[in-house]
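Report on the structure given below.
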Amino acid sequence: MPAIVVLGAQWGDEGKGKATDLLGSRVDYVVKFNGGNNAGHTVVIGAEKYALHLLPSGILTAGVVPVIGNGVVIDLSVLFHEIDGLEERGIDTSRLLVSANAHVIASYHRTLDKVTERFLGSRKIGTTGRGIGPTYADKMSRVGIRIQDLFDEKILRQKVEGALEQKNHLLVKVYNRRAITVDEVVEELLAHTERLHPYVADTTLLLGEALERDEVVLLEGGQATLLDVDHGTYPFVTSSSATAGGACTGAGIPPRSITRVIGIAKAYITRVGEGPFPTELFDEDGEQLRQVGHEFGTTTGRPRRCGWYDVPIARYAGRVNGITDLVLTKLDVLSGWERIPVCVAYDVDGERVTELPMTQTGFHHAKPVYEYLPGWTEDISGARTLADLPVQAREYVDFLEQRSGVRISAIGVGPERDQTVVIHDLLT
Ligand code: GDP
Ligand code: IMO
Ligand code: MG
C-alpha cells in the first residue's frame, strides 16, 4: 500500500511543485491534502511555465488522477479559473476528483481574512488574504459549508444562515462593514454547482481502494512544517496541518499506508509574511539571494524574506514528519559565494541550543550560530550527477545531510524537470 508524502520542510516555496511533477509520471494519484489557493507552485516543463494554486501538481501529468482531498478549502471561482487556464493550454483536467467533504471558501471568508488582518495592525500575520483562516475556523466551529452542501439548496441555505448569523454582527458592529445577505452567498455558491458536479467523489473510498490495488498515491502538501497550525511558528502560521500527520486526515488514508515521507528544503531558506526567522538577512546578501533565486511569491508577488540554511529547522522537520528523504532544491542559486554560512545552532539568551526552542518567545530570541563552508563559482545548472558538482558544492551538501540527520536523495540545480541530481530513487 504505497502512499508517499511530499511536504515542505521549511516555511514554504521550497519547490514542492517541481518535486511532485518530477515524480508525476510514476504515480497513479496526486492528492492535495491541505490548504487552498494560498499555495503557489511554479512548475516548468520545457518552455512552458505553470503557476498552480488550488489544483494538485499532478494535474500536469497525463494518466495521473489529481485529487483535491477533504482537508483542502476550495474557492470555487479560483478552481474553475485555474481549470480554464490549463484547458486553454491543452492540459486535460477532466480526471480531477474533488472530495465531497472539502470545505468551501465564500466571499465572507475573504472579507473577514482581510479585515481581521487590518484590525491586527502591527500584530498581523501577513496572510495571503484568500480567506483560508476564516474558512478553517468555520470548519472547526462546525459552521462550515462543504462541497456536498452545494447539491441541496435547502440545506445550503440553512448552513449559510447559520454561518452568517454571528459574522454579520462582527462585520457590522466591529469592522464597520456592510452585512452580507444569505441570498447573495447562496447565489455565489450555486453558480458553480452544475459544473462542479462531475468532479465530486467519495475520494477517501477511491483512495482506499487504490491503495488496496497497490497503486501509488502521492500526497502533496501545501505550505510547510513551520507554517503548520500545530507544529509551526504559531500564530505566524497557516490554519491547516501541513505536516505528515495532516496527510492522513486531509486525504483520509491510514498512517500505516505511508511508506515514504519526502521533505523538500531549499539550500537556503525563505519566508513570506510575518513571524520569527532567525537566519533572515537584511543586507545585500539577502537581496542577492532574492534576485538570483527569484524569490518573489507565486501567489501574492510579495518579496520573500531570505536567509541561510537552518539546521535546527531541518532536524525538527525531519523529526515531526519522519522524513525519509530530503530533496535539497535551488543549490544552483548558491553559486558565486566565497563562503556560505550555515546555521548549526542558536544562541537563546546566552545559551547555545541545537533544537528549536520550546517556546515561541525563545524562538523570537534565537540568534543563529554559523559555521562557514567554502563556496564555489561554477554554474552548476547543467549538473546531473554528484560527480558533475564542484567539490565545494558536494561538501556543502554532505555537511547539510550530516547535520540535518536526514539523507539527501535529490538536489535541484534549476527550475526545469530535468535539472535535478538524483542520488537515491525517491519511489523504489
Ligand atoms: P512550492 O510552493 O514549494 O511548490 O515552490 P514555489 O513554486 O512557490 O517556489 C519555488 C520556485 O523555485 C519556483 O519558481 C520553481 O520553478 C523554482 N525552483 C524549484 N526548484 C529549483 C531549483 O532547484 N533551482 C532553481 N533555480 N529554481 C528552482
Ligand atoms: P506554498 O504551498 C509560503 C503564509 C502566508 C502567511 C501565513 C498565513 O506555495 O509553499 P494564510 O493565507 O495561509 O492564512 O497565510 O502563511 N503562506 C505561505 N508562505 N508558501 C505558501 O504556500 C504559503 N501559504 C501561506 O504568507 O505568512
Ligand atoms: Mg509556493
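The values are calculated or read from the model by the stated rules, or taken from the named source; none is laboratory data. None of these values were measured; they are calculated from a predicted model. Here Cβ is always computed from backbone atoms with ideal geometry, including for glycine, and neighbour counts include all displayed protein chains. To get the accessible areas, we keep the full protein, side chains included, count just its heavy atoms, and leave off ligands, DNA and RNA. Shrake-Rupley method; radii C 1.70, N 1.55, O 1.52, S 1.80 Å.
Scanning region 315-328 for residues that are farther than 13 Å from Leu7 by Cβ and out of contact with any Leu (no Cβ under 7 Å at 6 or more places or on another chain) yields Arg315, Arg319. Only one of the numbered conditions (1) more than 13 Å from ligand 1 (Cβ to nearest atom); (2) assigned by TED's automatic domain parsing to the domain that holds Val342 is violated by Thr270, and that is (1).
From the list Ile45, Ile4, the one residue that fits, being over 14 Å from Val216 (Cα atoms) and more than 12 Å from the chain's Cα centre (by Cα), is Ile45. Selection over region 117-143 of residues that are within 16 Å of ligand 3 (Cβ to nearest atom) and of a type in the set (Val, Ile, Thr) gives a count of 3. Take residues that are within 12 Å of ligand 2 (Cβ to nearest atom), surrounded by fewer than 23 Cβ atoms within 10 Å (Cβ to Cβ) and among the hydroxyl-bearing types (Ser, Thr, Tyr) and tell me which of the strands (runs of 3 or more DSSP E) falling wholly in region 1-99 contain 1 or more. Because the criterion is at least 1 residues that are within 12 Å of ligand 2 (Cβ to nearest atom), surrounded by fewer than 23 Cβ atoms within 10 Å (Cβ to Cβ) and among the hydroxyl-bearing types (Ser, Thr, Tyr), the strands (runs of 3 or more DSSP E) in region 1-99 that meet it are 41-45. Of all the residues in region 228-260, those that are hydrophobic (A, V, I, L, M, F, W, C) and either within 16 Å of ligand 3 (Cβ to nearest atom) or not assigned by TED's automatic domain parsing to the domain that holds Asn38 (or both) number 2.
Does any residue of region 281-298 turn out to be in a strand (DSSP E or B) and open to solvent by less than 10 Å² (accessible area, probe 1.4 Å)? For region 281-298, residues in a strand (DSSP E or B) and open to solvent by less than 10 Å² (accessible area, probe 1.4 Å): absent.
Examine region 95-116 for a residue that is within 16 Å of ligand 3 (Cβ to nearest atom), touching a residue at least 60 places away in the same chain (Cβ under 8 Å) and more than 25 Å from Ala179 (Cβ to Cβ), and state whether such a residue exists. Within region 95-116, not a single residue is within 16 Å of ligand 3 (Cβ to nearest atom), touching a residue at least 60 places away in the same chain (Cβ under 8 Å) and more than 25 Å from Ala179 (Cβ to Cβ).
A Cβ distance below 9 Å, combined with a sequence gap of six or more or placement on separate chains, defines the contacts here; from region 287-301, residues that are at negative phi and touching a residue at least 24 places away in the same chain (Cβ under 8 Å) reach residues that are among the β-branched types (Val, Ile, Thr) and away from ligand 2 (no atom under 16 Å from the Cβ) in the pairs Leu289/Val333; Val292/Val333; Gly293/Val333; Glu295/Val333. Selection of region 205-225 for residues being open to solvent by less than 50 Å² (accessible area, probe 1.4 Å) and out of contact with any strand residue (DSSP E or B) (no Cβ under 8 Å at 6 or more places or on another chain) yields only Gly208.
When the strands (runs of 3 or more DSSP E) confined to region 340-425 are screened for residues that are farther than 25 Å from Gly24 by Cβ, those reaching at least 2 such residues are found at 351-353, 367-374. If you go through region 196-226, how many residues are in a helix (DSSP H, G or I) and more than 19 Å from Asn70 (Cα to Cα)? Total satisfying the criteria: 3. Of the residues making up region 191-199, not a single one is free of Cβ contacts under 8 Å to residues at least 24 places away in the same chain and within 14 Å of Asp138 (Cβ to Cβ).
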